[in-house]
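Presented below is the structure to which this report refers.
The values are calculated or read from the model by the stated rules, or taken from the named source; none is laboratory data. The shown structure was predicted, so the numbers you read here are calculated from the model rather than taken from an experiment. In this analysis, Cβ positions are derived from the backbone assuming ideal geometry, glycine residues included, and neighbour counts consider all displayed protein chains.
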Amino acid sequence: MKKKIVSLLFVAFSLSAVFVSCKKDKSGTDDTTTAAEASTQSDDQSRFSSQVDAVADDVNSSLEASGSLITGKTTGTICDATIVVDSTSSPRTITITYDGTTSCHPAFSRTGVVVVSIPAGVYWKDLGARITVTYDSLKITRTRDGKSMLINGSHTVTNVKGGLLRDLATLGTSIVHTIESSGMTITFDDGTVRSWQVAKRREFTYSGGVIISTRGTHTDGAKTDISEWGTNRKGRVFTCEITTPLVVRQDCDYRLVSGVTLHTNPLFTAETTYGLDATGAATSCPGTTGTYYFKVVWTGVGGGSKTIIMPY
């Protein structure tokens, strides 16, 4: 198994859906406006979610490289960052400093610091091990358009069932990590500052390769499986539900092969389905050079809707 087994797992989450208008809704805000907001919100949420997952992947790698005092075992490395381990402090810490290069991830660059705090007596391989991950001005810049996002705050990661990812192929069982935050601060490229909350579960299994299934764990009234929620750039409360688990497979070149998300705010809903062909039907892996498609169904509060199928 690769040392950096999860380094590319969530590249597909950096997708943004394009939404178009069809008619005026009852709120008096035209669908051109709400569709533009939906597009921005989808892009913001997907970028944030994918980067939280990317940091979680780096945290896993750095933990597994940190030595037996923290993991109970030793090995591993990460890319585009330096790692400093302090195994004598209380709590023990791992400091990851990103160098701003795109050599490892051509689609984006990162600068800033992430600090992992591990309480004394906790070993990451153990059942129920819980750590805190703190973001100190982590800035992510997308290569293709220069758009950036600055993240501060912290979340906890729990190794629910125990085990290390590098041993996944021989464990005979899954590894489950949860990521939870009561508030992470995001500064968008237009200067808007917002606080978002996170609650999701990532299950790692092995069947001819790594399979990762991600779902939300937060419930709000009738809404379940919420992975992120908060206030968007326009000041509107939103939720993002993973209504069908998002699945990434190693045997499909670490691509997102299936799953459904639902973005909701007071003006619209936008449901996105992944792992489709050009007609919108579910399809098998198209290989490393083939194309997957997603289908977006955007619906305004006035009943206007539009279905769009696009490649990713």
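When you look at I94, is it among the hydrophobic types (A, V, I, L, M, F, W, C), modelled with pLDDT of 90 or more and crowded, with 17+ Cβ neighbours inside 10 Å, yes or no?
So I94 passes the test.
What number of residues within region 221-240 are within 17 Å of D53 (Cα to Cα) and in contact (Cβ under 8 Å) with a residue 40 or more places away in the chain?
Qualifying residue count, region 221-240: 3.
Does region 210-221 contain any residue that is modelled with pLDDT of 90 or more and in a loop (DSSP other than H, G, I, E, B)?
Yes, the conditions are met somewhere in region 210-221.
Assuming S174 fulfils every condition listed in (1) within 20 Å of the chain's Cα centre (by Cα); (2) within 26 Å of T101 (Cα to Cα); (3) surrounded by fewer than 17 Cβ atoms within 10 Å (Cβ to Cβ) apart from one, which condition is it?
Only one criterion in (1) within 20 Å of the chain's Cα centre (by Cα); (2) within 26 Å of T101 (Cα to Cα); (3) surrounded by fewer than 17 Cβ atoms within 10 Å (Cβ to Cβ) is unmet by S174, namely (2).
How many residues does region 265-288 contain that are closer than 23 Å to S213 by Cα and surrounded by fewer than 21 Cβ atoms within 10 Å (Cβ to Cβ)?
13
Determine whether region 264-276 contains at least one residue that is over 30 Å from F204 (Cβ atoms) and either within 21 Å of the chain's Cα centre (by Cα) or of a type in the set (D, E) (or both).
The answer is yes, given that some residue of region 264-276 is over 30 Å from F204 (Cβ atoms) and either within 21 Å of the chain's Cα centre (by Cα) or of a type in the set (D, E) (or both).
Filter region 135-147 down to residues that are more than 16 Å from the chain's Cα centre (by Cα) and modelled with pLDDT of 95 or more and give me whichever is surrounded by the fewest Cβ atoms within 10 Å (Cβ to Cβ).
S137
Taking the conditions exactly as written (in contact with a His (Cβ under 7 Å, 6 or more places away or on another chain) and modelled with pLDDT of 95 or more), does I226 satisfy them or not?
The answer is yes for I226.
Say we look at region 296-312 and pick out the residues that are more than 20 Å from E37 (Cβ to Cβ) and surrounded by 14 or more Cβ atoms within 10 Å (Cβ to Cβ); which of these is modelled with the highest pLDDT?
Among those residues, the one meeting the criterion is I309.
Of the residues T32, T40, T88, T77, which single one is within 20 Å of R166 (Cα to Cα), of a type in the set (V, I, T) and at pLDDT below 90?
Unique residue meeting the criteria: T77.
Which one of the conditions (1) at pLDDT 90 or above; (2) part of a helix (DSSP H, G or I); (3) under 21 Å from L165 (Cα atoms) does A54 fail to meet, given that it meets all the rest?
Status for A54: all satisfied but (1).
Within region 166-200, track down each residue that is assigned to a loop (DSSP other than H, G, I, E, B) and either at positive phi or small (G, A, S) (or both).
The answer is G172, S174, G191.
Among the residues of region 200-252, how many are within 22 Å of P286 (Cα to Cα), charged (D, E, K, R) and more than 19 Å from the chain's Cα centre (by Cα)?
Residues in region 200-252 being within 22 Å of P286 (Cα to Cα), charged (D, E, K, R) and more than 19 Å from the chain's Cα centre (by Cα): 1 in total.
Do we find that D167 is more than 19 Å from S49 (Cα to Cα) and of a type in the set (D, E) in this structure?
yes
Condition (residue is of a type outside the set (D, E), under 25 Å from Y312 (Cβ atoms) and within 18 Å of the chain's Cα centre (by Cα)) applied to region 109-127: is it met by at least one residue?
Checked region 109-127: at least one residue is of a type outside the set (D, E), under 25 Å from Y312 (Cβ atoms) and within 18 Å of the chain's Cα centre (by Cα).
Could you please give the count of residues in region 270-312 that are in contact with a Leu (Cβ under 9 Å, 6 or more places away or on another chain) and aliphatic (A, V, I, L, M)?
Residues in region 270-312 being in contact with a Leu (Cβ under 9 Å, 6 or more places away or on another chain) and aliphatic (A, V, I, L, M): 5 in total.
Of everything in region 246-260, what is touching a residue at least 24 places away in the same chain (Cβ under 8 Å) and either in a loop (DSSP other than H, G, I, E, B) or of a type in the set (V, I, T) (or both)? Give them in sequence order.
V247, V248, D253, Y254, V257, listed by residue number.
Being touching a residue at least 60 places away in the same chain (Cβ under 8 Å), of a type in the set (K, R) and either crowded, with 18+ Cβ neighbours inside 10 Å or over 28 Å from G275 (Cβ atoms) (or both) narrows it down to one residue among R215, R201, R130, R166; which is it?
Being touching a residue at least 60 places away in the same chain (Cβ under 8 Å), of a type in the set (K, R) and either crowded, with 18+ Cβ neighbours inside 10 Å or over 28 Å from G275 (Cβ atoms) (or both) holds for just one of R215, R201, R130, R166, which is R166.
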